[in-house]
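Here the structure comes first, spelled out in structure tokens, and everything after it is commentary.
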């Protein structure tokens, strides 16, 4: 069976604002058909990364490929196949939903028939309200209209930056169901940014966590939340030696390394083996801490 195509490749992305580093060596891959969770606490660098991927701002360094093509060299072609909501959708409030989408259709440069606009409005649950001015729409209705806007030119990739922010519980459920419909009924690849782990857990199949601009962990959501597989932190005296040892012998186990801690993705039964390996290599282990669920790990991140 052929491996799925990579839709997004972000490698060693860095974005500086003067002396402040908003994004610091972020890397991740999104495959065709993914609902990919882009997870991190507020201020982690998610929106900056997304703006860079959409070429709204330029990267300081690093590489971005979308649809297998380098972003800067193929900007117009790539962006024509992306639909996105960055932060919150913006509309002409005194025009109807339908008129707004007609304007966005013309801006897209594609020949979008009126029937397509009506069909998209029905898909997002706005049938019967398409002639109403956006001024009278609730926040949830505007978010659904934002998703309709991303669909009018039938893009291959949809990027949603915190689409459920400010919504009530029913509004969150509505957007969640829409995202699943986009994947299952329209075969869209979706990158979904959020600071809420439970939201990502419910709808994403793969995810990455970033914090303070850095990639911390990436993988399959079910595997990362598996009760049998742990995130185990070893506090050691020689982090560089420990990192070299793990990445050479067991690269699949390595997750990240900080000043004196190396984080491994291993089972409970493997902890003694890795501890003994460090000791055999004259690496002193001062502490071992395991997290049964990714949620525990994530809560620690956002509380730091």
Connecting every pair of Cα atoms under 10 Å apart in the chain and solving the GNM, the largest mean-square fluctuation among 196, 173, 279 falls on 279
Under the rule of -39500 (n - 2.57) per DSSP H run of 4 or more residues, summed and divided by the residues of the chain, what mean residue ellipticity at 222 nm is obtained, to the nearest 500 deg cm²/dmol?
-10000 deg cm²/dmol
Highest to lowest packing among 247-254, 114-121, 29-36, scored as the average C-beta count within 10 Å:
29-36, 114-121, 247-254
Provide the descending list of Cα extents for the chain along its principal axes, expressed in whole angstroms.
71, 45, 41
Contact order relative to length of segment 10-152, as percent, for alpha carbon pairs under 8 angstrom and 6 or more apart
21 percent
Relative packing of peptides 131-142, 58-69, 148-159 - highest average C-beta neighbours within 10 Å first:
148-159, 58-69, 131-142
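Since every read-out is calculated from the coordinates, none of them should be taken as a lab result. The shown structure was predicted, so the numbers you read here are calculated from the model rather than taken from an experiment. Methodologically, a virtual Cβ is constructed for each residue, glycine included, from the backbone with ideal geometry; neighbour enumeration extends over all protein chains shown.
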